[in-house]
Each structure stands twice: as structure tokens, then as C-alpha cells.
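A.B. asks: For reference, the structure I am asking about is given below.
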Amino acid sequence: QVQLVESGGGLVQPGGSLRLSCTGSGIIISNVDIGWYRQAPGKRRELVTAFSGDEGTKFADSVERRFTISRDNAKNSVYLKMDNQKPKDTGVYYCDVHFELNDWWGEGAQVTVAS
């Protein structure tokens, strides 16, 4: 059974930084495509950033040069480093792993950017 557990969300002031973590069990993170999505209040879930072996790394225009996706294979974990955060970054962030037409999601981590 695949399970993804997220951590690291919280409240941050505009211009601040947070790092989200997503640790997998039942799946090997180094073997799959990875991504982070977010859902703002009243809006649809949207792609923030993703990495695949075929397409490399891609970012939403709104986060490029501010957010970084990475993974630590030894810890079977994926990370999202968010710098210079803005109020529009507020939302629930979900990690996603994709493998052979299947997607698995974390439970979500709330990120609130406010002064």
C-alpha cells in the first residue's frame, strides 16, 4: 500500500520561506515522477512544480525562480522549498507521485502566507 506523508506547512510572513516534505512508503521515490500541487480556497487544484524523467522539471509561471523541488532517495522523500513567499501562495499543498498511469497523493499541508 502506497502512503505519502507530508509535513512542514504553517504560517509564514510575505517574503519568508518554508520547506515542505513528503515521505513515501510502499513506493520507491527514486523510480517515479514527482510533483507538488496546491489548491487555494475556492479554486481548483493546480500544478506548482513537477519532475519527470521524460520532461525534466517544470514550474508554474507564478512560482518559477522562487520554488525548488528536490528529492532525497536515501530518505525516500520529496521536498518543496518555497522562498520569497507571497499571499497568493496560500493554499493546501499536495505531493504527488506518478508511476505507470497511477497517481498517489499526500493528505495535504496547509500553507498560509500572511503578515
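A.B. asks: Does residue 4 satisfy being in a strand (DSSP E or B), open to solvent by less than 20 Å² (accessible area, probe 1.4 Å) and at pLDDT 95 or above?
C.D. replies: In short, yes.
A.B. asks: I've got another one for you. Return the residues of segment 76-115 that are of a type in the set (Phe, Trp, Tyr), open to solvent by 10 Å² or more (accessible area, probe 1.4 Å) and under 14 Å from the mean Cα position of the chain (by Cα); say none if nothing qualifies.
C.D. replies: Scanning segment 76-115 gives 79, 94, 104, 105.
A.B. asks: Let me ask you something else. Just to be sure I understand, how many residues within segment 58-100 are touching a Ser or Thr at 6+ places or on another chain (Cβ under 9 Å), free of Cβ contacts under 8 Å to residues at least 60 places away in the same chain and either aliphatic (A, V, I, L, M) or not in a strand (DSSP E or B) (or both)?
C.D. replies: 11
A.B. asks: If you scan segment 96-115, which residues turn out to be hydrophobic (A, V, I, L, M, F, W, C) and either at pLDDT below 95 or more than 24 Å from residue 15 (Cβ to Cβ) (or both)?
C.D. replies: Listed by number, the residues that qualify are 97, 99, 101, 104, 105.
A.B. asks: Look at segment 39-57 and say how many of its residues are open to solvent by 50 Å² or more (accessible area, probe 1.4 Å) and either of a type outside the set (Val, Ile, Thr) or not in a strand (DSSP E or B) (or both).
C.D. replies: Result for segment 39-57: 12.
A.B. asks: Just to verify a result, which residue in segment 8-32, among those that are under 16 Å from residue 97 (Cα atoms) and within 12 Å of the chain's Cα centre (by Cα), is most open to solvent (accessible area, probe 1.4 Å)?
C.D. replies: 23
A.B. asks: Just name the residue that is modelled with the highest pLDDT out of those in segment 58-75 that are loosely packed, with under 12 Cβ neighbours inside 10 Å and within 20 Å of residue 14 (Cβ to Cβ).
C.D. replies: Within segment 58-75, the match that is modelled with the highest pLDDT is 61.
A.B. asks: Take segment 1-42 and flag every residue that is free of Cβ contacts under 8 Å to residues at least 40 places away in the same chain and closer than 16 Å to residue 91 by Cα.
C.D. replies: Result: 42, single match.
The values are calculated or read from the model by the stated rules, or taken from the named source; none is laboratory data. Fair warning: this is a prediction, and the values are worked out from it, not measured in the lab. Ideal geometry is used to build each Cβ from the backbone, glycine not excepted, and the neighbour counts take in all protein chains shown. Calculation scope for accessible area: heavy atoms of the full protein, side chains included, ligands and nucleic acids excluded. Shrake-Rupley method; radii C 1.70, N 1.55, O 1.52, S 1.80 Å.
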